[in-house]
Amino acid sequence: MRDVNCEIIQLLEAYFERQSLFDGGGMLEFWHPGGRMYLVGNQNEFRVVTIEEQVDHIKGAKERLPDLRVTFVLDEIEQVVVQDDLIAAAHVRYRMILPEGYGQHRCFYHLAKIDGKWGLVGAVDRGIQVPAAE
């Protein structure tokens, strides 16, 4: 039997690699349809988007700014909790690096195993912008 935590960690690592390619469509491979992202930004604004809306946003940004370089650095998967090999939660720290600084994030990913496949179903993400050093 494979270690479920390893499966989830590998999924998250692959997801972050795909994000760094700014490949919105490729990100969908890691999500179950209709997944939701609960985002809290710099000014404590709260917004909820479907993963499909987030992917459309990424695709639009890539079209408008083809030279945009964003790197997602997975700093640490702090904890993975699995229940009955069906649902799981992962606490992750990561950075979204841009030329003008970076976003420091803490995220709680929620996963479900549907039809034998682990996938993301939700994420609560808190990001704080850190300006580049002068």
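The values are calculated or read from the model by the stated rules, or taken from the named source; none is laboratory data. Everything numeric here is computed off the predicted structure, so don't read it as measured data. Here the Cβ positions follow ideal geometry from the backbone for every residue, glycine too, while neighbour counts run over all protein chains shown. Only protein heavy atoms, including side chains, enter the accessible area calculation; ligands, DNA and RNA are left aside. Shrake-Rupley method; radii C 1.70, N 1.55, O 1.52, S 1.80 Å.
Kindly list, by first and then second residue, each pair from a residue in the range 117-134 that is free of Cβ contacts under 8 Å to residues at least 40 places away in the same chain to a residue that is small (Gly, Ala, Ser) and part of a strand (DSSP E or B), limited to pairs with Cβ atoms under 9 Å and residues at least 6 apart or on different chains.
Once the first residue is free of Cβ contacts under 8 Å to residues at least 40 places away in the same chain and sits in the range 117-134, its partners that are small (Gly, Ala, Ser) and part of a strand (DSSP E or B) give Val130/Gly101; Val130/Gly103; Pro131/Gly101; Ala132/Gly101; Ala133/Gly101.
Here are some residues: Glu52, Glu7, Glu13, Glu29. Which one is touching a Pro at 6+ places or on another chain (Cβ under 8 Å) and modelled with pLDDT of 90 or more? Steps first, answer last, please.
Working: Glu7 fails: touching a Pro at 6+ places or on another chain (Cβ under 8 Å); Glu13 fails: touching a Pro at 6+ places or on another chain (Cβ under 8 Å); Glu29 fails: touching a Pro at 6+ places or on another chain (Cβ under 8 Å).
Answer to the selection: Glu52.
Among the helices (runs of 4 or more DSSP H) contained in the range 1-107, which hold 3 or more residues that are among the small types (Gly, Ala, Ser)? Full working, then the answer.
Numbers: elements: 4-20, 24-27, 51-64.
Filter on the range 1-107 gives 24-27.
Checking Phe30 against (1) under 18 Å from Arg126 (Cβ atoms); (2) open to solvent by less than 70 Å² (accessible area, probe 1.4 Å); (3) within 13 Å of the chain's Cα centre (by Cα), which test does it fail?
Only one criterion in (1) under 18 Å from Arg126 (Cβ atoms); (2) open to solvent by less than 70 Å² (accessible area, probe 1.4 Å); (3) within 13 Å of the chain's Cα centre (by Cα) is unmet by Phe30, namely (1).
Within the range 89-104, count every residue that is touching a Lys or Arg at 6+ places or on another chain (Cβ under 8 Å) and surrounded by 18 or more Cβ atoms within 10 Å (Cβ to Cβ).
Of the residues in the range 89-104, the ones touching a Lys or Arg at 6+ places or on another chain (Cβ under 8 Å) are 91-93, 98-99, 102-104.
Those still in the list that are surrounded by 18 or more Cβ atoms within 10 Å (Cβ to Cβ) too: 92, 102-103.
Qualifying residue count for the region: 3.
Cβ-Cβ under 9 Å, sequence separation 6+ or interchain: first residue in the range 1-23 and within 13 Å of Gln79 (Cα to Cα), partner in a helix (DSSP H, G or I) and among the aromatic types (Phe, Trp, Tyr). Which pairs?
Listed pairs, sorted by first residue: Leu12/Phe30.
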